[in-house]
Amino acid sequence: MPLLTIPGEEAGLQVMDSLITAVLGYAVVFFGLVLLMVVVTMIGKIFAAKAAKAADKAPAEEPVTEVKEETDAPTAPGSAGDVKLHNVEPKIAAMLMAIVADKMQKPINELRFISIKEVE
Amino acid sequence: MNIGETLLKLWNESGFNAIISGFLADGGWKSLVMIAIACVMFYLGIVKKFEPLLMVGLAAGCLLTNLPGANLYHSELWTAFMAGEIGFGDILHDGGLLDIFYIGVKTGVYPCLIFLGVGAMTDFGPLLSNPKSLLLGAAAQMGVFLAFFGATLLGFTGPEAASIGIIGGADGPTAILTTSRLAPQLLGPIAIAAYTYMALIPLIQPPFMKLLTTKKERAIKMEQTRTVSKTEKIVFPIVVTIFVVLLLPDTAALIGCLMLGNLLKECGVTDRLSDTAQNALMNIVTILLSLSVGATMVAENFLALETFYIIVLGVVAFILSTVGGLLVGKLMCWLSGGKINPLIGAAGVSAVPMAARVANTEGQKANPANFLLMHAMGPNVAGVIGSAIAAGFLLKVFGA
């Protein structure tokens, strides 16, 4: 029975037709998602390139003096200085500090974090 | 008015009389069995919390349709409809409440509206930050096609086998849409199998995860993925709609609604619509869908050997899909030099977010500092797209 004439509620499928349909169906799913993967990867690269361009432009536009002013700026009231991060992303560290402050029911600027280290 | 005659008439027209007088000849015992099954489903939904939002409605539909004399659902009307003898107008005129609800299943409206809500609740960020996840979503559709093959060997017709196979996609709305189009007589058992196994994923998957991976592989910590920009998240649903629907036009309803829901969430200017799709609309459609699918569990269709086969093939499909995802996960682990934890492959079976949670839990058992959830969400949402493509293919091959 040729593959394209399989439909028909009454007729049972031949084993070979059924196997071919199964293999073909799996291949179509893979093809569709691989195609999508290529497209998504390309979109990601385009946006990453745009973001890199924007990042390259941004510091050039800022006057050097302003940067210096920023680094010399006094710390916020209640700040206890820098926290040492050992193998921890700044984002994760910020999240951990926020969680600790929340659990302790204390404002974050009243707590002093000395270092955060990932336990292996 | 003669009180005796009135009481006799009340008795004669009651469901109790229908069950007792037709206990053997008219299948009264079958009604009792179905009522018992409905009670078991209530127990599974309420006490065991197996997909309770759907299971309670399915059980209620099953109960109402099997109470003799209630006349809320007429399978004979739908048989005539399938034969082209009557139309939706006749169903509206002659049908009961559940017949009218069922029109939404038959037309494919409810599954698509559910997908709209699912899209509005889904964050495709993990998928966008790691597009390779799509391969795992594809691999985990293996169970769909192997169960389809197995069902044909057991003598099911092509459309029936396709409907049984799609249980392996672990995606309720997709299974309901495919079955309502291809084999509506199997809708009840297929929906029950799909939702029960989705609820049982924490029991079904872990043994195969442990069997197919080493402790060292399960303990692999994956690197943090990149941050995805807002614009990428807005562009993604539009691009997916264009590419997938151009590839398989039969997926237009499911993928279109899924991606529209996601666009409503991500575009930032339709918060009210996104909120409605996620909550009010989703809840209303869930009630209508579960009741009307449950109503198809009429004794004559449900109490058959086919139901047993469907239940068995359903779990086989789930297991094979898990195995498919794990095997490709292992391959990717090897090709990446041990940077990818193969457990995330098992999350490719859809069933968002349950499968991703199971991958995370198993990863943490091997290494308590391992957090795989966000990495597993990529294959998990890829599985939703993968199962929709698989359904589109089967509808294309076996659809009328």
* Could you tell me which residue of segment B:359-382 is farthest from the other protein chains (Cβ to nearest Cβ), considering only residues that are over 17 Å from B:Lys330 (Cα atoms) and part of a helix (DSSP H, G or I)? => B:Thr361
* Asked: Among the listed residues B:Ala193, B:Ala175, B:Ala199, B:Ala139, which satisfies the condition of being under 16 Å from the mean Cα position of the chain (by Cα), hydrophobic (A, V, I, L, M, F, W, C) and surrounded by 24 or more Cβ atoms within 10 Å (Cβ to Cβ)?
  -> B:Ala175
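Residue-by-condition table, conditions (1) at pLDDT 80 or above; (2) of a type outside the set (Gly, Ala, Ser):
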site	(1), (2)
A:Gly8	no, no
A:Ile20	yes, yes
A:Ala27	yes, no
A:Lys45	yes, yes
* Residues satisfying the stated conditions in segment B:234-245, i.e. facing chain A (nearest Cβ under 10 Å) and either out of contact with any Leu (no Cβ under 7 Å at 6 or more places or on another chain) or closer than 23 Å to B:Thr178 by Cβ (or both) -> B:Val235, B:Val239, B:Val240, B:Ile242, B:Phe243, B:Val244
* **In segment B:264-278, residue farthest from A:Gly25 (Cα to Cα) [restricted to those that are hydrophobic (A, V, I, L, M, F, W, C) and surrounded by fewer than 22 Cβ atoms within 10 Å (Cβ to Cβ)]** => B:Val269
* Among the residues of segment A:71-87, is there at least one that is at pLDDT 70 or above, within 12 Å of chain B (Cβ to nearest Cβ) and not in a strand (DSSP E or B)? -> yes
* **Breaking point among (1) touching a Gly at 6+ places or on another chain (Cβ under 7 Å); (2) assigned to a loop (DSSP other than H, G, I, E, B), for B:Ile344** => (2)
* Structure fact -> Exactly one of B:Leu254, B:Leu289 is buried (at least 22 other Cβ atoms within 10 Å of the Cβ), under 30 Å from B:Tyr73 (Cα atoms) and within 14 Å of chain A (Cβ to nearest Cβ), and that one is B:Leu254
* Yes/no for B:Phe16 being at pLDDT below 90 and in a loop (DSSP other than H, G, I, E, B) -> no
* To do: Can you give me the number of residues within segment B:57-111 that are crowded, with 22+ Cβ neighbours inside 10 Å and farther than 24 Å from B:Met34 by Cα?
  => 2
* Structure fact -> B:Ile91: passes all of (1) part of a helix (DSSP H, G or I); (2) in contact with an Asp or Glu (Cβ under 7 Å, 6 or more places away or on another chain); (3) in contact (Cβ under 8 Å) with a residue 40 or more places away in the chain but (3)
* To do: Filter segment B:328-356 down to the residues that are within 17 Å of B:Phe208 (Cβ to Cβ) and modelled with pLDDT under 90, then identify the one that is farthest from the chain's Cα centre (by Cα).
  => B:Met354
* To do: For segment B:46-62, state whether one or more residues are of a type in the set (Phe, Trp, Tyr) and farther than 15 Å from B:Gly294 by Cβ.
  => no
* Could we say that B:Phe42 is assigned to a loop (DSSP other than H, G, I, E, B) and touching a helix residue (DSSP H, G or I) at 6+ places or on another chain (Cβ under 6 Å) here? -> no
* Asked: Which residue out of B:Ala175, B:Ala170, B:Ala151 is over 19 Å from B:Val323 (Cα atoms) and of a type in the set (A, V, I, L, M)?
  -> B:Ala175
* Asked: Hey, does segment B:332-354 have a residue that's among the aromatic types (Phe, Trp, Tyr), more than 14 Å from chain A (Cβ to nearest Cβ) and surrounded by fewer than 24 Cβ atoms within 10 Å (Cβ to Cβ)?
  -> yes
* **Residues located in segment B:23-56, provided they are touching a Gly at 6+ places or on another chain (Cβ under 6 Å) and touching a residue at least 12 places away in the same chain (Cβ under 8 Å)** => B:Gly28, B:Met55, B:Val56
* Asked: Given segment B:104-215, what helices (runs of 4 or more DSSP H) lie entirely inside it while holding 2 or more residues that are within 14 Å of another protein chain (Cβ to nearest Cβ)?
  -> B:125-129, B:133-139, B:142-153, B:158-165, B:172-182
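The values are calculated or read from the model by the stated rules, or taken from the named source; none is laboratory data. These numbers were taken from a predicted model, which means no experiment stands behind them. Glycine also receives a Cβ, built like all others from the backbone with ideal geometry; neighbour counts cover every protein chain displayed.
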